[in-house]
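J.: After the structure tokens below, expect a handful of questions from me.
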Amino acid sequence: MPPVPQHQHGFEQPSIWQKSEMGAMMGGGVGLTIGFIFGSWSIIRHGSGPRGFMATLSQYMLSSAATFSFFLAIGSVIRSDSPLALRMEAMQLQMAASNPILRSKVQSAHLIRARWAEERAARSNN
């Protein structure tokens, strides 16, 4: 399998740190929105309590934003470190060279059977 190129189409891929920052920013935005919705609903339903409307709503929003941004940042790092993503990119590069879109189902089935036969032969030789 050929190595995955680091530069595609003239631009550099974002680093893991940049991906984690993007995940944290998206999580923060989602968390603020969810915190506003649920905080407002809680205040309407139960009242604002002794701290007041703004303090209660801001606590809901900030705690929700912190939670979402933390988990989305971690999720984006885990997703970017996945070896599956590298394999998928390498497979797409290989498939682009052989133009699989123009193959028929019968041709694809023959290719798969030929690969299986090669794998069986390689296993029997070992």
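Residue-by-condition table, conditions (1) at pLDDT 95 or above; (2) touching a Pro at 6+ places or on another chain (Cβ under 9 Å); (3) of a type in the set (Phe, Trp, Tyr):
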position: 12; (1), (2), (3): no, no, no
position: 16; (1), (2), (3): no, no, no
position: 34; (1), (2), (3): yes, no, no
position: 38; (1), (2), (3): yes, no, yes
position: 46; (1), (2), (3): no, no, no
position: 49; (1), (2), (3): no, no, no
position: 53; (1), (2), (3): no, no, yes
position: 56; (1), (2), (3): no, no, no
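J.: Out of 103, 79, report the one residue that is basic (Lys, Arg), surrounded by 11 or more Cβ atoms within 10 Å (Cβ to Cβ) and modelled with pLDDT under 70.
T.: 103
J.: Being of a type in the set (Ser, Thr, Tyr) and outside any helix (DSSP H, G or I) narrows it down to one residue among 48, 20; which is it?
T.: Just a single option satisfies the conditions, and that option is 48.
J.: Consider residue 64 against the criteria (1) at pLDDT 90 or above; (2) out of contact with any Phe, Trp or Tyr (no Cβ under 9 Å at 6 or more places or on another chain): it satisfies all of them except one. Which criterion is unmet?
T.: (2)
The values are calculated or read from the model by the stated rules, or taken from the named source; none is laboratory data. Remember, predicted model here, so these are calculated numbers, not experimental data. Don't worry about glycine lacking a Cβ; one is built from the backbone with ideal geometry, like all the others, and counts go over all protein chains shown.
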